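Step one of this worksheet: look at the structure below.
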Amino acid sequence: MRTRVRDLRRMYVGKLGAVEEEGSKHTKYRIYHGEMLLATTVLSRSYNEVDDTLLARIAGQLSVSPSQLRLLLACPMSQDDYVKHVLAQ
């Protein structure tokens, strides 16, 4: 199933409070819990959608499973749930 890049960006910035850093071709997102860096991931600005293969790679960068990434996108998984999951690893 394809996912829109704007939905991923909304999840990164809106839900997870990611800090955006613009590069020449990609936007880097850093997710912090206080001073602790939890995850870093990038999105290419040349894509409007990403496929399941790329979503699986993004999930790995965020330290969640692909199904947990879908929950983050669909909203059942909150920022607190995400932080607890990553810190428990």
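Each row is one residue, and each column tells you yes or no for (1) hydrophobic (A, V, I, L, M, F, W, C); (2) out of contact with any Ser or Thr (no Cβ under 9 Å at 6 or more places or on another chain).
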{"residue": "5", "(1), (2)": "yes, no"}
{"residue": "9", "(1), (2)": "no, no"}
{"residue": "18", "(1), (2)": "yes, no"}
{"residue": "75", "(1), (2)": "yes, yes"}
{"residue": "81", "(1), (2)": "no, yes"}
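Residues in the stretch 58-68 that are within 17 Å of residue 18 (Cβ to Cβ) and free of Cβ contacts under 8 Å to residues at least 12 places away in the same chain were compared, and the one that is nearest to the chain's Cα centre (by Cα) is 59. Just so you know, in the stretch 69-89 the residues that are assigned to a helix (DSSP H, G or I) and open to solvent by 90 Å² or more (accessible area, probe 1.4 Å) include one that is nearest to residue 18 (Cα to Cα), and it is 80. Which members of the stretch 6-38 meet the condition of being in contact (Cβ under 8 Å) with a residue 24 or more places away in the chain and in a loop (DSSP other than H, G, I, E, B)? Once the filter is applied, which keeps residues that are in contact (Cβ under 8 Å) with a residue 24 or more places away in the chain and in a loop (DSSP other than H, G, I, E, B), the stretch 6-38 yields 16, 17.
Take the residues in the stretch 1-47 that are under 11 Å from the mean Cα position of the chain (by Cα) and either open to solvent by 100 Å² or more (accessible area, probe 1.4 Å) or of a type in the set (Lys, Arg) (or both), then tell me which one is nearest to residue 71 (Cα to Cα). Ranking the candidates gives 15 first.
Would the stretch 48-68 turn up any residue that is basic (Lys, Arg), open to solvent by 50 Å² or more (accessible area, probe 1.4 Å) and under 15 Å from residue 11 (Cβ atoms)? Scanning the stretch 48-68, I find no residue that is basic (Lys, Arg), open to solvent by 50 Å² or more (accessible area, probe 1.4 Å) and under 15 Å from residue 11 (Cβ atoms), so the answer is no.
The values are calculated or read from the model by the stated rules, or taken from the named source; none is laboratory data. Quick caveat: nothing in here was measured; it's all calculated off a predicted structure. Cβ: placed from backbone, ideal geometry, glycine included. Neighbour counts: every protein chain shown. What goes into the accessible areas is simple: the full protein's heavy atoms, side chains included, and nothing from ligands, DNA or RNA. Shrake-Rupley method; radii C 1.70, N 1.55, O 1.52, S 1.80 Å.
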